[in-house]
Amino acid sequence: MKETDKIAFVGHRMSGNAEEWYEACAAQLKQQNKEDDWKSFASAIETRFSSRFEQRDALRKIDRIVYDGDIELYSDKMEIANARAGLSGVIWREKLKRGLTRPMKKKLSNVGRLPEDNIEFVEVLREVGKNLEDEVKEEHQQKLEKCSRCSRCFHKLY
């Protein structure tokens, strides 16, 4: 099958916005006396439709990610989603802060002036997060040790 036939086959099965896009592209190529090739056609489809939906879906995913006690996991998930969303600057930093717990936000605010560079901001976030996680683990461990000495309590120290 020739590339132009393959393009026409796919194009005539499109509907809605995709159909309108295909017809406009086909008309433009005809007007310029040019023929499309499959590689360019597939790339144009990817650029026109996939990227937009991928970015929107990634933004929605970013909004659903929340910190749950593991700052490394949280920042990794956020950075993976952002690789598709393409956020940067103040918007990216605000999205990173949005998914944090109140205690984490408080610890972060105690840092003072936060870096404006995205990479440096994530480094500070991870450092603050690790410190808070260590504090929480230490407090939990102390409570368990106290509890294990109490004869009225059934908690076990693991």
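The values are calculated or read from the model by the stated rules, or taken from the named source; none is laboratory data. All of these numbers come straight from a predicted model, not from anything done at the bench. Virtual Cβ from ideal backbone geometry, glycine too; neighbours counted across all protein chains shown.
A few comments on the model shown:
- The helices (runs of 4 or more DSSP H) located wholly in segment 1-62 that include 3 or more residues which are more than 34 Å from the chain's Cα centre (by Cα) occupy 3-11, 16-31.
- In segment 56-102, the residues that are free of Cβ contacts under 8 Å to residues at least 40 places away in the same chain and among the small types (Gly, Ala, Ser): Ala58, Ala81, Ala83, Ala85, Gly86, Ser88, Gly89, Gly99
- Cβ-Cβ contacts under 8 Å between residues 6 or more apart (or on different chains), taken from a first residue in segment 129-158 that is modelled with pLDDT under 80 to a second residue that is exposed (fewer than 10 other Cβ atoms within 10 Å of the Cβ) and among the basic types (Lys, Arg), are listed as Ser148/Lys156.
- Screening Tyr67 with (1) in contact with a helix residue (DSSP H, G or I) (Cβ under 7 Å, 6 or more places away or on another chain); (2) in a helix (DSSP H, G or I); (3) surrounded by 14 or more Cβ atoms within 10 Å (Cβ to Cβ); (4) of a type outside the set (D, E, K, R) gives one miss only, at (2).
- Residue match in segment 81-89 (condition: part of a loop (DSSP other than H, G, I, E, B), over 15 Å from the mean Cα position of the chain (by Cα) and surrounded by 13 or more Cβ atoms within 10 Å (Cβ to Cβ)): no
- Inter-residue pairs, beta-carbon under 6 Å, first modelled with pLDDT of 85 or more and in segment 8-37, second assigned to a loop (DSSP other than H, G, I, E, B) and not aliphatic (A, V, I, L, M), 6+ apart: Leu29/Asp36
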